[in-house]
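Before we start, here is the structure in question, set down as structure tokens.
The values are calculated or read from the model by the stated rules, or taken from the named source; none is laboratory data. Fair warning: this is a prediction, and the values are worked out from it, not measured in the lab. Cβ placement follows ideal geometry from the backbone for every residue including glycine, while neighbour counts extend to all protein chains displayed.
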Amino acid sequence: MREENNLVIASVYDNQVRIRAAETTALVEEARKAHDCWPTACAALGRTLTATGILASDLKDPEARVVSTINGHGPLGTIVAQSDGAGNVRGFVGNPEVYLFNEKTGKLDVGRAVGTDGTLTVSKDLGLKEPFTGMVPLVSGEIAEDFCYYLAVSEQVRSAVALGVLVSPDSSVRAAGGMIMQLMPDAGEDAVARLEAVTREMQPISSFFERGLSAQETIRELFPEAKILEQRSLRWYCGCSKEHFADALALIKTEELDAMIAEDHGVEVRCQYCGKTYTFSEDELKAIREKHIHAADRQSVSAE
Ligand SMILES: [Zn+2]
């Protein structure tokens, strides 16, 4: 499994098409383990994490972020994926215990698990005052089509999007990855026709990674004349910490903290992004409460 340079940006057909491909097997397997995902939940979350990581490869600032939120009112509930400009990807699915199989296609039924009665929202926080946010209705809940539609409607980008997660019988991730093939604004009919011919014949994207190809080798196989422009890496990384949650606890009402101290003698908080839990003892909560009161005092002093 590769994590170094697992995202590759290339151009083909005289720069009329830009390709971004990512091999995310290790990343999606980490996500599956963190959330104990059943196969269909794993596929849906993995596709969303991969697409979001690829979209974030546009970001120049490593601290800037892309957040994708999908809610189709299906059994999975809400899927959230976040990636920063440095390639740190994290996310979660509302209900990870979903295993729906489509007997007709012989594949995991991601579309039914996600549902189609809802939206895909993509928010890009570029460090400006307001994040750029685009929202589209879901097309199929299969996620690749939904991101393709989002790009067309919200960013005026014509593209082909392939996303895939192959789950082993033991539920681990066998191969995962994605590719966004984007027509540049000046693309001519010839480039459009050539791209269509490639995507029509293309095998599922996860099959390339199952064969052991890297993102770059996958691009080369589909587009032998591709010019490689940039290599980046994507990885599963949450970045949460006990300090972060202590800050969050300091923001809740003093009465609620008092209840945690008096009734529960401590509290366990769980990071929804990575599933990690942090325990705060009675004494630690009391220390947070102290800071709380001092902060409230300072506020009232400065208000006078
Ligand atoms: Zn976390």
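Checking T218 against (1) outside the structural domain of L195 (by TED's automatic domain parsing); (2) crowded, with 17+ Cβ neighbours inside 10 Å; (3) closer than 24 Å to G85 by Cα; (4) touching a helix residue (DSSP H, G or I) at 6+ places or on another chain (Cβ under 8 Å), which test does it fail?
Looking at each condition in turn, T218 falls short on (1).
Take the conditions modelled with pLDDT of 90 or more, outside any strand (DSSP E or B) and away from the ligand (no atom under 16 Å from the Cβ) and apply them to E196. Does it pass?
yes
So which residues in the stretch 183-193 are touching a residue at least 40 places away in the same chain (Cβ under 8 Å), surrounded by fewer than 14 Cβ atoms within 10 Å (Cβ to Cβ) and in a helix (DSSP H, G or I), if there are any at all? Outline the logic, then answer.
First pass over the stretch 183-193, keeping only residues touching a residue at least 40 places away in the same chain (Cβ under 8 Å): 183-184, 186-188, 190-191.
Subset that is surrounded by fewer than 14 Cβ atoms within 10 Å (Cβ to Cβ): 186, 188, 190.
Passing the criteria: only D190.
Please verify whether A215 is in contact (Cβ under 8 Å) with a residue 60 or more places away in the chain and in contact with an Asp or Glu (Cβ under 7 Å, 6 or more places away or on another chain), treating the condition exactly as stated. So that I can check it myself, show each step before the final result.
On the way: in contact (Cβ under 8 Å) with a residue 60 or more places away in the chain: yes; in contact with an Asp or Glu (Cβ under 7 Å, 6 or more places away or on another chain): yes.
Criteria met by A215.
Also: Residue check, A22 against (1) touching an Asp or Glu at 6+ places or on another chain (Cβ under 7 Å); (2) assigned to a strand (DSSP E or B), all met but one. Which one?
The one condition A22 does not meet is (1).
Oh, and also: Just the residues that are free of Cβ contacts under 8 Å to residues at least 24 places away in the same chain and either of a type in the set (D, E, K, R) or within 16 Å of the ligand (Cβ to nearest atom) (or both), please, taken from the stretch 218-232.
Answer for the stretch 218-232, where residues must be free of Cβ contacts under 8 Å to residues at least 24 places away in the same chain and either of a type in the set (D, E, K, R) or within 16 Å of the ligand (Cβ to nearest atom) (or both): R220, E221.
In addition: Give all pairs with beta carbons closer than 7 Å in which a residue from the stretch 233-250 that is within 14 Å of the ligand (Cβ to nearest atom) and of a type in the set (A, V, I, L, M, F, W, C) meets a residue that is assigned to a helix (DSSP H, G or I) and modelled with pLDDT of 90 or more; count only pairs at least 6 apart in sequence or on separate chains.
Once the first residue is within 14 Å of the ligand (Cβ to nearest atom) and of a type in the set (A, V, I, L, M, F, W, C) and sits in the stretch 233-250, its partners that are assigned to a helix (DSSP H, G or I) and modelled with pLDDT of 90 or more give W236/L27; W236/E30; W236/A31.
Can you name every residue in the stretch 253-282 that is in a loop (DSSP other than H, G, I, E, B) and over 21 Å from V93 (Cβ atoms)?
Hits for the stretch 253-282 are K253, H265.
Looking only at the stretch 293-300, decide whether some residue is away from the ligand (no atom under 16 Å from the Cβ), at pLDDT 90 or above and either out of contact with any Leu (no Cβ under 9 Å at 6 or more places or on another chain) or at negative phi (or both). So that I can check it myself, show each step before the final result.
We begin by selecting, within the stretch 293-300, every residue away from the ligand (no atom under 16 Å from the Cβ); these are 293-300.
Checking which are at pLDDT 90 or above leaves us with none.
No: zero hits.
Continuing with this model, one more query. Before we move on, is S171 away from the ligand (no atom under 16 Å from the Cβ) and at pLDDT below 95?
So S171 passes the test.
Could you say whether any residue in the stretch 52-61 is among the basic types (K, R) and either crowded, with 22+ Cβ neighbours inside 10 Å or assigned to a loop (DSSP other than H, G, I, E, B) (or both)?
Checked the stretch 52-61: at least one residue is among the basic types (K, R) and either crowded, with 22+ Cβ neighbours inside 10 Å or assigned to a loop (DSSP other than H, G, I, E, B) (or both).
Can you tell me how many residues in the stretch 251-282 are away from the ligand (no atom under 14 Å from the Cβ) and among the polar types (S, T, N, Q)?
Qualifying residue count, the stretch 251-282: 3.
So which pairs qualify, if the first residue must be in the stretch 99-115 and within 14 Å of G46 (Cα to Cα), the second must be of a type in the set (G, A, S) and in a loop (DSSP other than H, G, I, E, B), the Cβ gap must be under 6 Å, and the two must be at least 6 apart or on different chains?
So the pair list comes out as G111/S140; G111/G141; A113/G74; V114/G72; V114/G74; V114/G141.
So which residues in the stretch 91-119 are over 28 Å from S168 (Cβ atoms) and within 17 Å of the chain's Cα centre (by Cα)?
Answer for the stretch 91-119, where residues must be over 28 Å from S168 (Cβ atoms) and within 17 Å of the chain's Cα centre (by Cα): just T119.
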